[in-house]
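Read the figures in this text as sums done on the coordinates, not as results from a lab. Fair warning: this is a prediction, and the values are worked out from it, not measured in the lab. Using ideal geometry, Cβ is built from the backbone for each residue, glycine included, and neighbour counts are taken over all protein chains shown.
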Amino acid sequence: MHCAIGLDVGGTAMKAALTAADGTVLHTDRRPTNREHGPDAVVTAIVDFAADLAAAASTRGFECGAAGVAVPGIVEETTGTALFSANIGWRDVPLQKLVNERIGVPVALGHDVRAGGVAEARLGAGRGYRQFLFLPIGTGIAAAIVIDGQAIGGANGGAGEVGHIVVRPGGEPCGCGSAGCMETLASGSSIARHYAVLQAKRGGNATALSAAEVAARVATGDPAASAVWNDAVEALALALAHVTLVLDPGLVVIGGGVGDAGETLLAPLRKALAAHLTFARAPRLVRAELGDAAGSLGAALMGWDLLDGDRSQS
Ligand SMILES: [Zn+2]
């Protein structure tokens, strides 16, 4: 049986899948990214992992025909170059070439969130929709604009940076250099941070809670949790209202750790989004279906697309 390798490089872990042409998962694996040892160590870890996955495929009797690698940051897909990632610290890494030289099969390099969007389009919550927005809400927030099963990158590979839509001008400084960006209120790390600050102000104990734990406390009526959660919902609603006016996506597939809060997030977000949209029709808001496997499954699909392109040309 033929298979493709999908490798998703995250800030802390790399997740991999070997998939069949119909998306069936044949094997999965994960390893640390090695970010603490610098960008060169991350590149070595990626290339070694790809080689081990190719070996794992042949041990299992699969013929590996292609690979896809999904990475964070700014990616030039046409040249297969990872241009920049603040998270990993690399610049101008010819990752497509390096992996191809090591494993000897065609390699596609793509953006992690866009890869996840492609997977949700073909295997997950976006099936049956011609267009939608995939919005994973985790440590940071970026979106994939998916049309006909492909995620668009924009003129400079920068499409979908919705986390940096300013929702509070003059607000909290953001890591991007601006202030009052949506992700300073709605990312998982921001929710956790704001909750800790508010609890301290109220004289509560300073136990650090994750965004998921804050979400759980919203249901119990914890006032600090509700205040922080409402701010996050309002920031998301305002940014999504802007996106809706530009793109009219029809559907927004919400994933990531904060998306795992399910209706605790989606129910108030639907209401707040509808309140911002006066004449425009609000998109449907649903949970993502593939969880943290979306990136590796999407990377494998990028690999399969290379093979399908070859077939259609021959
Ligand atoms: Zn920002």
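Remarks
- Using only side-chain charges placed at the Cβ, +1 for Lys and Arg and -1 for Asp and Glu, the dipole size of the chain relative to its Cα centre rounds to 720 debye.
- Residue order, fewest to most surrounding Cβ atoms within 10 angstrom, among Ser85, Ser296: Ser85, Ser296
- Computed log10 I(q)/I(0) for segment 241-296 at 0.24, 0.28 Å⁻¹: -0.96, -1.12, from the Debye equation with unit scatterers placed on every C-alpha and solvent omitted.
- Computed from the Cα positions only, the extents of the chain along the three principal axes stand at 60, 44, 34 Å, in decreasing order.
- Using the Cβ-Cβ distance between Asn205 and Ser178 with R0 = 35 Å, the FRET efficiency computed as 1/(1 + (r/R0)^6) comes to roughly 0.55.
- In a simple Cβ point-charge model (Lys, Arg +1; Asp, Glu -1; nothing else charged), segment 127-289 has a dipole of about 260 debye relative to its Cα centre.
- Selected from Val197, Ala142, Ile5, residue furthest toward positive end of dipole (the chain; charges at beta carbon): Val197
- For segment 127-289, diffusion coefficient by Stokes-Einstein and Kirkwood Rh (Cα), 37 °C, 0.692 mPa s, µm²/s: 204
- Once both labels are positioned 7 Å from their Cα atoms along Cα-to-Cβ, the gap between Arg281 and Asp29 label points is 4.7 nm.
- Equivalent-ellipsoid semi-axes of segment 1-125, from the Cα gyration tensor, Å, largest first: 22, 16, 13
- Listed by Cβ neighbour count within 10 Å, with the fewest neighbours leading, Met182, Met1 appear as Met1, Met182.
- Stokes-Einstein D in µm²/s, Kirkwood radius over Cα pairs - segment 67-215 at 20 °C with 1.002 mPa s viscosity: 125
- Given charges at beta-carbon only (K, R positive; D, E negative), |dipole| of segment 1-120 in Debye: 140
- Semi-axis lengths (Å, descending) of the ellipsoid that matches the C-alpha gyration tensor of segment 1-73: 23, 12, 9
- Approximate spin-label separation Arg193-Glu63, in nm, with each point projected 7 Å along Cα-to-Cβ: 5.2
- Counting every other Cβ atom within 10 Å of each residue's Cβ, Cys64, Cys181, Cys176 order from fewest to most as Cys176, Cys64, Cys181.
- Per-residue ellipticity at 222 nm from helix content only, as computed over the chain with -39500 (n - 2.57) for each DSSP H run of at least four residues, stands at -13500 deg cm²/dmol.
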